[in-house]
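Data first, discussion second: the structure below is written as C-alpha cells.
The values are calculated or read from the model by the stated rules, or taken from the named source; none is laboratory data. In this text the structure is predicted, and so the values were computed from the model without any measurement. Note that we place each Cβ from the backbone using ideal geometry, even for glycine, and neighbour counts take in every protein chain shown. Calculation scope for accessible area: heavy atoms of the full protein, side chains included, ligands and nucleic acids excluded. Shrake-Rupley method; radii C 1.70, N 1.55, O 1.52, S 1.80 Å.
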Amino acid sequence: MAATVFSKIIAREIPARIEYEDNLCLVFHDANPQAPFHLLIIPKEPIASLFDVEEKTASLLGHLVVVATRIAAQLGLSSGYRLVVNCGPDGGQSVDHLHLHLLGGRALHWPPG
C-alpha cells in the first residue's frame, strides 16, 4: 500500500492531535471536524479499505470498535455518537487507509448526506 497521510501520522512525519494510541491503533482529532467531537480511529496495519478486510483482520476491526466506545465514554458522549466507515469513492472514502470516524457532541441527523 502506498504511503498515505494516515501512515505518515502513524510514523510521526505529520503532526496530529492524538487522543489515544496502543500497539494496534491510533486515535486523533480530524483536521476538518464535522461535529464538536470528530476523531479518527485508524489501524496501524495498512488496510486500504473495507474492500480489503479478511477473516484474519476481524479481531483488529473489533478492537477499533472497542477503542471507539472507550473514547466516546471518556469524551462524555453519553447521549450518543456515530461511528462511520466510508468505503471506496462512492462511499466517500478520501484516504486509502481504513478508518472509523467517531462523531458526537451534537444531535446527528439522518440521512447524513
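Okay, here's what the table says:
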| quantity | calculated |
| --- | --- |
| Rounded, prolate or oblate (a/c below 1.5 giving rounded, otherwise prolate when a/b exceeds b/c) for the stretch 58-108 by Cα gyration tensor | oblate |
| By accessible area with a 1.4 Å probe, ligands and nucleic acids excluded, highest first: order of Tyr20, Tyr81 | Tyr81, Tyr20 |
| Pair Val65, Glu45: separation of 7 Å Cα→Cβ label points (nm) | 1.6 |
| Listed residues His101, His109 arranged by accessible area, highest first, probe 1.4 Å | His109, His101 |
| Cα centroid of the stretch 1-31 to Cα centroid of the stretch 81-109, whole Å | 16 |
| Rel. contact order, % - alpha carbon contacts under 8 angstrom, at least six apart, the chain | 30 |
| Computed [θ] at 222 nm, helices only, for the chain once each DSSP H run of length n ≥ 4 contributes -39500 (n - 2.57) | -6000 deg cm²/dmol |
| Helix 58-74 vs. the chain, principal-axis angle (Cα, 0 to 90°, nearest 10) | 30 |
| At R0 = 35 Å, FRET efficiency that the Cβ-Cβ distance of Ile14 and Ala58 yields, to 0.05 | 0.75 |
| Whole-Hz ³J(HN,Hα) from phi, Karplus 6.51 cos²θ - 1.76 cosθ + 1.60, for the stretch 84-95, glycine and proline x | 10, 10, 8, 9, x, x, 6, x, x, 6, 10, 10 |
| Answer label, with Cα Rg over 2.2 N^0.38 Å calculated from the coordinates and candidates (i) 1.35; (ii) 1.02; (iii) 1.10 | (ii) |
